[in-house]
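Right, one structure below, let's go through it.
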Amino acid sequence: MWPEVDLRQDRTFLVLAEELHFGRTAARLGVTHARVSQTIRTLEVRVGVTLFDRTSRRVTLTPPGAELDGRLRQAHAELAAALQRAATSVSGTAGTLRVGVTIVTDTVALHDLVDAFAIQHPDCRLTLVDIGIWDPYGPLRRGEIDVLCNWQAVDEPDLTCGPTITEHPRVLMVGTGHRLATKTAVTVEDLAGETVNGVPPGYPSALEDALHPPRTPSGLPIHRSPPIASPVQVFNMVARGELVSPAQAGMRPWSERPGIVEVPFADLPPLPLGLIWCTAHENERIRALAQFATAIRDAADTVSDGRESSHADITAVEGRELRALLALADERHFARTAERLGVTPSRVSQLIRKLETCIGAPLFDRTSRRVQLTPVGSQLCQELRPVYDQIARAKTSPVEPI
């Protein structure tokens with residue numbers, strides 16, 4: 001059983017041992033003077049010794065404090081080096097990664113992701129491939145692309161629905177002369193008796209139902225026209241008032257076409273746009289892109305919540321995340337790891353995701369039935385086990401009672 005370690009407490013001690021000044025230590029760590037004092041007092045109670053002599057003029061290390069500094073400093077240097085090696089590792093990502101996009105999913109959010117990923121993984125050549133709008137999964141299954149950027153309404157057993165890149169508000173496209181054109185918002189119930197555009201045979205049914213609901217909440221049918229393969233024809237018919245088309249807001253150039261207006265849906269949630277791939281074709285490059293997309297989205301959510309982001313900052317790594325990593329590496333099973341740590345499986349997953357975000361690389365392959373370490377995760381665990389044990393043991397040998 002891996003014991004708990006408090007890396008924040010250790011870092012506070014090590015900085016104070018360098019500065020020998022509470023004010024400067026607080027400034028370096030970005031915390032208050034009182035927080036530093038409280039942390040050191042808690043550590044002294046835990047180890048059972050006085051670590052610093054404090055007077056009104058100076059702060060000095062006691063002999064037990066100097067001994068603990070010697071134990072911890074080298075171990076933390078080795079820990080930082082191991083995390084940095086993992087963060088800079090690009091193992092298995094060299095090569096080409098083809099991302100398929102349609103005329104309506106080739107968005108700014110995707111290009112931002114691609115550009116940022118290229119900087120993080122210069123050895124991976126990522127290319128965008130245009131695919132047909134009515135056969136989104138075919139190129140994946142035929143091996144023509146590696147990853148698909150599309151709407152995440154997936155009910156296909158051979159496909160993995162990965163991280164969401166962005167979400168698009170839902171609108172109803174109608175002709176300017178349509179009865180709904182002057183409304184400030186519509187509901188799905190307003191589609192009763194209307195005709196929406198039908199899709200060609202073979203189009204994924206779950207995707208069609210997500211884009212074009214088959215019936216209203218009260219159960220009334222929403223008519224679908226015979227299949228229309230041409231997006232241009234669809235929007236020409238919308239402009240003439242022959243049908244309406246549920247869509248995503250700002251679908252250029254269609255949204256700018258004369259004769260068409262977008263009316264927001266009041267009762268349809270935003271449609272997620274994200275990454276999809278064939279489970280059997282997954283490789284390190286796909287995992288790296290998925291992990292990077294998750295990290296970017298998590299960072300954006302953190303900023304929107306008003307909290308500071310720790311993305312790519314290894315000093316933000318905490319002991320509980322490393323403990324979860326080592327326990328999951330031992331158990332290879334989220335439920336057993338959660339039971340061992342006394343937390344929920346979702347908490348274990350959250351801790352691992354945070355660590356992967358800080359490092360910038362996937363540590364576990366979660367697509368198979370059994371959780372397995374990636375090469376980066378395996379190397380990190382190999383280096384981490386003795387260092388973690390050294391840090392945990394450093395504070396278990398009291399020398400001088402308080």
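Some notes on this structure:
- Residue in region 134-141 that is outside the structural domain of residue 239 (by TED's automatic domain parsing), more than 22 Å from the chain's Cα centre (by Cα) and over 25 Å from residue 287 (Cβ atoms) present: yes
- Residues that are in a helix (DSSP H, G or I) and of a type in the set (Asp, Glu), drawn from region 68-126: 69, 78, 112, 115
- Whichever residue in region 118-132 is at pLDDT 90 or above and out of contact with any Gly (no Cβ under 9 Å at 6 or more places or on another chain) and, among such residues, is nearest to residue 285 (Cα to Cα): 126
- Residues in region 159-217 that are touching a residue at least 40 places away in the same chain (Cβ under 8 Å), assigned to a strand (DSSP E or B) and under 24 Å from residue 257 (Cβ atoms): 13 in all.
- Considering region 57-67, and only residues there that are closer than 11 Å to residue 21 by Cα and in a loop (DSSP other than H, G, I, E, B), the residue that is modelled with the highest pLDDT turns out to be 58.
- Residue match in region 19-27 (condition: under 15 Å from residue 394 (Cα atoms), of a type in the set (Phe, Trp, Tyr) and assigned by TED's automatic domain parsing to the domain that holds residue 58): no
- From the list 263, 244, 232, the one residue that fits, being of a type in the set (A, V, I, L, M, F, W, C), without any contact (Cβ under 8 Å) to a residue 12 or more places away in the chain and farther than 16 Å from residue 161 by Cα, is 232.
- Restricting attention to region 224-278, the residues that are at pLDDT below 90, under 28 Å from the mean Cα position of the chain (by Cα) and not aliphatic (A, V, I, L, M) add up to 3.
- With respect to the conditions (1) closer than 17 Å to residue 270 by Cα; (2) surrounded by 15 or more Cβ atoms within 10 Å (Cβ to Cβ), residue 174 falls short on a single one, namely (1).
- Identity of the residue in region 97-112, among the hydrophobic types (A, V, I, L, M, F, W, C) and touching a strand residue (DSSP E or B) at 6+ places or on another chain (Cβ under 6 Å), that ends up modelled with the lowest pLDDT: 109
- Some residue of region 107-124 being more than 20 Å from the chain's Cα centre (by Cα) and surrounded by 13 or more Cβ atoms within 10 Å (Cβ to Cβ): no
The values are calculated or read from the model by the stated rules, or taken from the named source; none is laboratory data. Given the structure is predicted, the values throughout are model-derived calculations rather than measurements. For neighbour counting, all protein chains shown are included, and Cβ atoms are generated from backbone atoms with ideal geometry for every residue, glycine included.
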